[in-house]
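Some notes on the structure that comes next.
The values are calculated or read from the model by the stated rules, or taken from the named source; none is laboratory data. On a predicted model such as this, the values are computed, not experimentally measured, just so you know. Using ideal geometry, Cβ is built from the backbone for each residue, glycine included, and neighbour counts are taken over all protein chains shown. We work out accessible area using only protein heavy atoms, side chains counted, and drop any ligands, DNA or RNA first. Shrake-Rupley method; radii C 1.70, N 1.55, O 1.52, S 1.80 Å.
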Amino acid sequence: MSVLNGKHIVLGLSGGVACYKAAELTRLLTKAGASVQVVMSEAAEHFITPTTMQAVSGRAVYTSQWDGRESNAMPHINLSREADAMLIAPCSADFLAQLAQGRCTELLGLLCVARPMDKVALLLAPAMNREMWAHPATQRNLAQAVADGAVSLGVGCGSQACGETGDGRMLEPEEIVQELEVFFTPKLLAGERVLITAGPTYEAIDPVRGITNRSSGKMGFAVARAAREAGAEVTLVAGPVALATPRGVTRIDVQSAQNMLEIVDQQAPEATVFIATAAVADWRPAAVALHKIKKDGGGAAPQLGLVENPDILARVAASARARSGVLYCVGFAAESENLLEHARAKRERKGVPLLVGNIGPATFGQDDNALLLVDSAGSHELAHASKRELGRQLVVELAHRLAAARGRNPEGVNP
Ligand code: CTP
């Protein structure tokens with residue numbers, strides 16, 4: 001279940017072409033379980049109609065402070081008191097100027113000023129032409145709005161409706177939803193630097209062939225996203241996978257187990273948590289052919305000599321930082337049978353405090369999974385759910401174990 005489930009969002013639209021994305025944004029928010037109250041500036045109505053926004057939000061849209069539907073004639077008070085957050089998307093250059101000055105000439109600006117600042121966050125998704133975005137007045141207004149308590153979600157970079165290319169595009173609806181999820185997630189991993197390996201590795205035989213496995217990387221990417229939402233700095237070392245990088249996560253792509261080891265060796269000294277979700281190939285060809293191996297015409301298959309790959313997790317777990325508890329290591333185990341028995345044995349063998357077992361053939365490539373957590377206290381099952389959900393649950397479990405290991409109380413950490 002998304003952290004947005006049950007949240008009430010006032011979605012404000014100011015004038016800009018990016019208003020066309022607001023309908024999709026509303027759809028994604030409601031799909032995540034949030035209720036959305038749309039408020040539009042007069043300029044926004046030039047780009048998308050209140051009828052469309054009413055249809056996708058399932059609620060009548062407010063456009064004027066003189067709206068007669070509120071019995072007390074105070075939509076600016078009523079709407080902001082019900083909200084868990086206000087999101088302005090798109091937030092135009094002019095609306096930033098209004099915010100910086102605290103102007104209340106339209107309902108949207110009035111709502112921002114009238115909101116209870118300690119309870120209702122104001123999140124901004126700016127959208128404008130690159131020159132407008134770069135203009136000192138815009139940056140000054142944004143800085144003032146942020147100094148006054150607003151949170152900027154940033155802008156995207158790319159081609160713009162005007163035909164120019166650069167910074168200033170509104171974030172995509174999916175990215176804005178990710179940012180809202182980050183905003184509402186309790187920061188249980190604040191201050192942690194989490195290093196994660198994910199996906200398969202690819203061990204070349206020749207320039208066109210190689211040995212790999214069916215790992216999709218989805219579980220590792222879900223853990224990375226959840227750790228970032230929980231306030232950690234996250235570095236994701238990814239084997240060859242076709243997955244989008246979660247927002248705010250630093251991704252380093254690798255191919256082989258040896259590449260992965262090199263990067264992990266570089267990154268591990270900075271990390272406080274290492275989570276090895278990667279399905280690292282156990283063996284690689286002893287030699288990589290320089291050119292494509294051709295059939296000899298006589299039906300004889302080439303003989304592939306294999307050598308064992310380094311065990312990345314076991315190596316990190318044996319480091320002085322891991323043994324002293326500064327670096328907390330989590331292993332995964334992809335098994336096909338006897339999960340508890342194999343997971344226990346693997347935890348011992350790898351020398352890690354927490355080992356997460358799953359049935360590999362049942363989950364490779366899928367969007368769901370079930371996990372078995374094995375630590376010194378015993379075992380605990382995370383029941384069948386989406387990998388996204390399991391990633392979040394695993395982060396909560398991890399936070400409790402880290403807190404115990406470090407003598408902290410994770411419940412005391414505020415969102
Ligand atoms: N692992 C690793 N480097 C390797 C092999 C495994 O870092 N060369 C890590 C995986 O990322 C995972 C854990 O070790 O966290 C267990 O991986 P798994 O493939 O289940 O176990 P193996 O050690 O390969 O043992 P086996 O294949 O015999 O089950």
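Numbers below:
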item	result
Test set (1) assigned to a helix (DSSP H, G or I); (2) touching a strand residue (DSSP E or B) at 6+ places or on another chain (Cβ under 8 Å) - VAL113 fails condition number	(2)
Filter pass, LEU108 being farther than 30 Å from GLY331 by Cα, modelled with pLDDT of 95 or more and either crowded, with 16+ Cβ neighbours inside 10 Å or of a type outside the set (Asp, Glu) (or both)	yes
Filtered residues of segment 22-78 (kept if open to solvent by 60 Å² or more (accessible area, probe 1.4 Å) and not in a helix (DSSP H, G or I))	GLU42, PHE47, THR49, GLY58, ARG59, TRP66, GLY68, ARG69, SER71, ASN72, ALA73, MET74
From PRO173, PRO116, residue being of a type outside the set (A, V, I, L, M) and crowded, with 17+ Cβ neighbours inside 10 Å	PRO173
Any chance ALA244 is surrounded by fewer than 16 Cβ atoms within 10 Å (Cβ to Cβ), in the same structural domain as LEU372 (by TED's automatic domain parsing), over 26 Å from ALA399 (Cα atoms) and not charged (D, E, K, R)	no
Every residue from segment 116-141 that is out of contact with any strand residue (DSSP E or B) (no Cβ under 6 Å at 6 or more places or on another chain) and assigned to a helix (DSSP H, G or I)	GLU131, MET132, ALA134, PRO136, ALA137, THR138, GLN139, ARG140, ASN141
Filter result (open to solvent by 70 Å² or more (accessible area, probe 1.4 Å) and among the small types (Gly, Ala, Ser)) within segment 119-146	none
Set GLU337, GLU341: member being outside any loop (DSSP other than H, G, I, E, B), more than 8 Å from the ligand (Cβ to nearest atom) and of a type in the set (Asp, Glu)	GLU341
